[in-house]
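Working notes, structure below.
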Amino acid sequence: MKTSEDFLSFFSIGAIVKNTSHAAGKVRPREPGGPDRRLRVAVVTAESTWPIRTGGHARVAGILTALKSHCELVIFGPKADTPPDIEHVEVRVPFDRTVGNYLSLGPRLGRSAFKRNERRRIAGLLAQNSFDVVIYTHSYLAAVIPAPVGTPSIVDFPNIEIDRQKSIASTRRSATAVLPWIESWKARIWEPRVVRRAHANIAVSDADADRIAQWNATTLLIPNATHVPPNYVRSPEDGYVIYACNGDYPPNKDAGDWLINSVWPHVISELPHARLVIVGRNTDKAFSYAPHRTGVRVVGTVDTLTPWLHDSAVAVAPVTAGGGSQLKILEFLAHRRCVVATEYSYRSVPEIFADGVERTNDAVHYARSIVGLLSDVDRRHKCESEIDAHAATLDWEYATRTLMQDVARVASLRGSAEPREVERSPR
């Protein structure tokens, strides 16, 4: 997007919005003001963003943090430890498993996240309150809770559901593949409509941006990012291999099973004292059998990965299906750890870090890559130094550096019936 660096001076950042959690659904009245009034932005999300527990939470939190100093943010979403300068309208998210959600031509995830009465309540509040922009954190939410007529909308695509569901289905067997295949087919109907209806769509990669642009839609690019520690700890000589993931996500479970059952025995045969640590939300349940395997420890949910990454020597990314990009890979690189990835996971690696990541889908070769990095400490430390040279580009502040300009340009379309072109920001 060709915008002036002085564009942000249009906004006043002095006012602070008082945080309130409104179970009854009341929204604080719009503050009066002239041209210096801050934009009032509604955010519809099914993520309980704070505290950050998964990669999805981190992406939403990264985007909101970039906006909150310049906008009046009102989040419509489940209960969360929302920062004090963001207004929060609490929405019940019981995850409705009604059969009709599976049979509907609309997205099952969108209909399941919010029950019908909650969807209607959110739509009503969006219409009653004068917002400059409505941001949806997933395409399936925009499909079931459309923005009011005349209010510009922005849809974030951490995944393109057509492709994500198809990818998941391709790794399943027999009956378990039916549901994701159906959801992928349904998304071919509703997802392009969401894209064309939005005034801007945010992609996580150039490939996804090009995919969205095929539907004749405006596309912005905000790659996934993470918090980058200013100083890093070199990997210890006797460090372990770390696999960090959300154990509730099926592609992560499948990847962990492959790592434990197909890869790790080859590692142990060459390095009998090697250790594998699996850490992350509900991994203790997903891999409850793993502690019985030689050299494997399953930690489960932790408050932060940082101390676990400090004590690690090598990080692994064995996922072979899903969608979007994997935030955990960025977190590994932000902590300056060498990564061994599958071909699928390698797609989430920024090009500038390609030399710090080894990739293969073959279990034996995967094990050899792990063994090589564990055994050669000098090589590993050299790799970590090379990663450190570009680590700053992984931070959310860098990834969202033009976001406010993008949102302001979209807000300028308020009142127009049809979306107009918003150029893609250079990255």
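The values are calculated or read from the model by the stated rules, or taken from the named source; none is laboratory data. Worth saying up front: this structure is predicted, and the values here are computed from it rather than measured. Neighbour counts run over all protein chains shown; Cβ positions are idealised from the backbone, glycine included. Protein only, heavy atoms only, side chains kept; ligands, DNA and RNA dropped before computing areas. Shrake-Rupley method; radii C 1.70, N 1.55, O 1.52, S 1.80 Å.
Close Cβ contacts (under 8 Å, 6 or more residues apart or on different chains) running from residues in region 381-408 that are open to solvent by less than 40 Å² (accessible area, probe 1.4 Å) to residues that are charged (D, E, K, R) and part of a helix (DSSP H, G or I) comprise C383/D355.
What do you reckon, is V364 open to solvent by less than 10 Å² (accessible area, probe 1.4 Å) and over 30 Å from A198 (Cα atoms)? In short, no.
Kindly establish whether R337 is at pLDDT 90 or above and among the basic types (K, R). When the stated conditions are applied, R337 passes them. Which residues, taken from region 39-77, are closer than 14 Å to I122 by Cβ and open to solvent by less than 20 Å² (accessible area, probe 1.4 Å)? Within region 39-77, A42, V43, V44, T45, V74, I75, F76, G77 qualify. The one condition from (1) touching a residue at least 12 places away in the same chain (Cβ under 8 Å); (2) open to solvent by 30 Å² or more (accessible area, probe 1.4 Å); (3) more than 30 Å from H199 (Cβ to Cβ) that P307 does not meet is (1).
Residues are listed down the side, and each one gets a yes or a no for (1) β-branched (V, I, T); (2) within 13 Å of A225 (Cβ to Cβ):
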residue: L330; (1), (2): no, yes
residue: Y346; (1), (2): no, no
residue: P350; (1), (2): no, yes
residue: V364; (1), (2): yes, no
residue: L374; (1), (2): no, no
residue: R401; (1), (2): no, yes
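Residues checked against (1) in contact (Cβ under 8 Å) with a residue 40 or more places away in the chain; (2) out of contact with any strand residue (DSSP E or B) (no Cβ under 6 Å at 6 or more places or on another chain); (3) farther than 19 Å from V407 by Cβ:
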{"site": "S112", "(1), (2), (3)": "no, yes, yes"}
{"site": "N117", "(1), (2), (3)": "no, yes, yes"}
{"site": "R120", "(1), (2), (3)": "no, yes, yes"}
{"site": "F131", "(1), (2), (3)": "yes, no, no"}
{"site": "Y136", "(1), (2), (3)": "yes, no, no"}
{"site": "S139", "(1), (2), (3)": "yes, no, no"}
{"site": "V144", "(1), (2), (3)": "no, yes, yes"}
{"site": "V149", "(1), (2), (3)": "yes, yes, yes"}
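Hey, could you check region 274-286 for residues that are in a loop (DSSP other than H, G, I, E, B) and modelled with pLDDT of 95 or more and say which is nearest to A169 (Cα to Cα)? Step by step, filter region 274-286, then rank; the result is R275. Among the residues of region 217-267, just one is touching a Phe, Trp or Tyr at 6+ places or on another chain (Cβ under 6 Å) and within 27 Å of V194 (Cα to Cα), namely A225. Identify, from the list R359, R347, R427, the residue that is at pLDDT below 90, out of contact with any Cys (no Cβ under 9 Å at 6 or more places or on another chain), closer than 30 Å to A177 by Cα and surrounded by fewer than 20 Cβ atoms within 10 Å (Cβ to Cβ). The conditions single out R347.
Under the condition of being open to solvent by 40 Å² or more (accessible area, probe 1.4 Å) and among the aromatic types (F, W, Y), the residues counted in region 195-224 number 0.
When you scan region 192-201, do you find a residue that is of a type in the set (S, T, N, Q) and either touching a Pro at 6+ places or on another chain (Cβ under 7 Å) or assigned to a loop (DSSP other than H, G, I, E, B) (or both), even just one? Walk me through how you get there before you give the answer.
From region 192-201, those of a type in the set (S, T, N, Q) are 201; that's our starting set.
Now drop any that are not either touching a Pro at 6+ places or on another chain (Cβ under 7 Å) or assigned to a loop (DSSP other than H, G, I, E, B) (or both), which leaves none.
No, region 192-201 contains no residue that is of a type in the set (S, T, N, Q) and either touching a Pro at 6+ places or on another chain (Cβ under 7 Å) or assigned to a loop (DSSP other than H, G, I, E, B) (or both).
Inside region 214-272, can you point out the residues that are modelled with pLDDT of 95 or more, touching a Gly at 6+ places or on another chain (Cβ under 7 Å) and over 17 Å from A286 (Cβ atoms)? Listed by number, the list holds a single entry, I268.
With a requirement of 2 or more residues that are under 19 Å from E237 (Cβ atoms) and under 22 Å from the mean Cα position of the chain (by Cα), the strands (runs of 3 or more DSSP E) lying completely within region 290-398 that satisfy it span 312-317, 339-341. When the residues of region 274-299 are filtered to those that are of a type outside the set (A, V, I, L, M, F, W, C) and farther than 27 Å from V377 by Cα, the one that is surrounded by the most Cβ atoms within 10 Å (Cβ to Cβ) is T283.
Taking (1) touching a Pro at 6+ places or on another chain (Cβ under 8 Å); (2) more than 17 Å from D388 (Cα to Cα) in turn, G280 satisfies each apart from (1).
Within region 116-135, the residues that satisfy the criterion of being closer than 13 Å to G150 by Cα and either touching a Pro at 6+ places or on another chain (Cβ under 6 Å) or buried (at least 22 other Cβ atoms within 10 Å of the Cβ) (or both) are L126, A127, F131, D132, V133, V134.
Scanning region 225-246 for residues that are open to solvent by 10 Å² or more (accessible area, probe 1.4 Å) and either part of a strand (DSSP E or B) or in contact with a Lys or Arg (Cβ under 6 Å, 6 or more places away or on another chain) (or both) yields T226, Y232, Y240, N246.
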